[in-house]
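The values are calculated or read from the model by the stated rules, or taken from the named source; none is laboratory data. Predicted, not measured: the structure shown is a model, and the values here were computed from it. Here Cβ is always computed from backbone atoms with ideal geometry, including for glycine, and neighbour counts include all displayed protein chains.
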Amino acid sequence: MSSANTHHVASESPEQIERRRIIEQFLLFQESLPKVNVLSYQWLLNEMIPMSMAVEHNLGSMDDSSSTSSQEEEDRVEALADDVSKVSLNKVDYVPSHKLIQELYNANDEQRERVYERLFKIGKGIGSKITELLIFSNNPNLSFSHMDTLGMVRFICKEVWKLLYGKQIDNLKTNHRGVFYLFDYEFEPIQNFSIDDDEEKLLKMVAPYVQVPLGVISGILTSLGVPEDELSVSFSYTDIPDNKKKPLGQFPKGLNFNIQINQFQQNPDA
């Protein structure tokens, strides 16, 4: 170590040394994590949407079959008994992802809300696991009981977003009253969506892909101690600033993730 570096370390306070040690430990921990091919990861994120619609489709089929009369059920059982010697594996009907996405687009409001709720819950589970992975597994004795919500949201904007989407949130705004606005002008999962002449249709097609990150945000905040019944997470579309204009063929809007915490811990230094 050079004399300049030695002098710099010697001049640090114990708090600064401990903070630097934690940062270095965290960076080493991130480097040790198993890596996933970015294209495979992106495909997995996108496939959550048709998968959730397939589940909805299958649940609907089960409901239809359960509504049959007792006589129809008896006849069906007898028919199965007659064919018991010919039992074989049933062929599973495969529905391509693009057709499932089209089904979701054409679904009624009740079906669509059920799919959105399913995607939100998937994201919430991911958020909980991310909290465990990035924080508690590396610092098992860490407590967030005295951490302000702004610090939690900043953690989402920086570490979480970079881990999931390869970039940080572009802009964070707050009214310091428990309301936060997270702006992402280039949200990766939707950048290839583009319809030149029908913006309303485009926004409707994109909406399912935003449910997972909404769930991620909710899952992380609840894992860090924010009461679930005091938390509301939603999104809206926003215009892109002039200095971030994108080429034709990419999604023309940005996303504004809205977080509202009714009872929040304000940073005493704010």
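Data overview
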{"read-out": "Strands (runs of 3 or more DSSP E) lying entirely in the stretch 162-270 (those with 1 or more residues that are of a type in the set (Lys, Arg), surrounded by fewer than 16 Cβ atoms within 10 Å (Cβ to Cβ) and at pLDDT 85 or above)", "value": "171-174"}
{"read-out": "Any helices (runs of 4 or more DSSP H) falling wholly within the stretch 96-157 and containing at least 3 residues that are among the acidic types (Asp, Glu) and at pLDDT 90 or above", "value": "109-131"}
